[in-house]
1. List the number of the failed condition for N14; all other conditions in (1) open to solvent by 60 Å² or more (accessible area, probe 1.4 Å); (2) modelled with pLDDT of 95 or more; (3) not in a loop (DSSP other than H, G, I, E, B) hold.
2. Which residues, counting only those in the range 58-82, are closer than 17 Å to F16 by Cα and either of a type in the set (A, V, I, L, M, F, W, C) or open to solvent by less than 60 Å² (accessible area, probe 1.4 Å) (or both)?
3. Can you find, within the range 17-54, the residue that is surrounded by the fewest Cβ atoms within 10 Å (Cβ to Cβ) among those that are touching a residue at least 40 places away in the same chain (Cβ under 8 Å) and not acidic (D, E)?
4. Could you list all residues from the range 1-19 that are among the hydrophobic types (A, V, I, L, M, F, W, C) and either over 13 Å from the mean Cα position of the chain (by Cα) or farther than 23 Å from P64 by Cβ (or both)?
Amino acid sequence: MLSVIICTHNPRRNYFQRCIDALRVQTLPPDRWELLVVDNRSDEPITLDLSWHPRAHIVREEAPGLTPARLRGIREAKGELL
């Protein structure tokens, strides 16, 4: 299984939604990958409709910075390939 990890902090809504929409229409079957969104201390918690993917979830990382966000994503990931 593949893990797609997206780390973000206060994302621009339209840009971030384009990223999610692109993942939604890719061709790998959902049972072969998971989607993990790491909210790295955004001012307002990230809310997304990820119901289209059975293995998608959002986690929040309180330590600021890309490295803590990436490490959190790695810890949470279930896939063999990140």
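The values are calculated or read from the model by the stated rules, or taken from the named source; none is laboratory data. For clarity, every value in this text was computed on a predicted model and none was experimentally measured. Don't worry about glycine lacking a Cβ; one is built from the backbone with ideal geometry, like all the others, and counts go over all protein chains shown. What goes into the accessible areas is simple: the full protein's heavy atoms, side chains included, and nothing from ligands, DNA or RNA. Shrake-Rupley method; radii C 1.70, N 1.55, O 1.52, S 1.80 Å.
1. (2)
2. I58, V59, L66, A69
3. Going through the qualifying residues, I end up with W33.
4. Residues satisfying the conditions are M1, L2.
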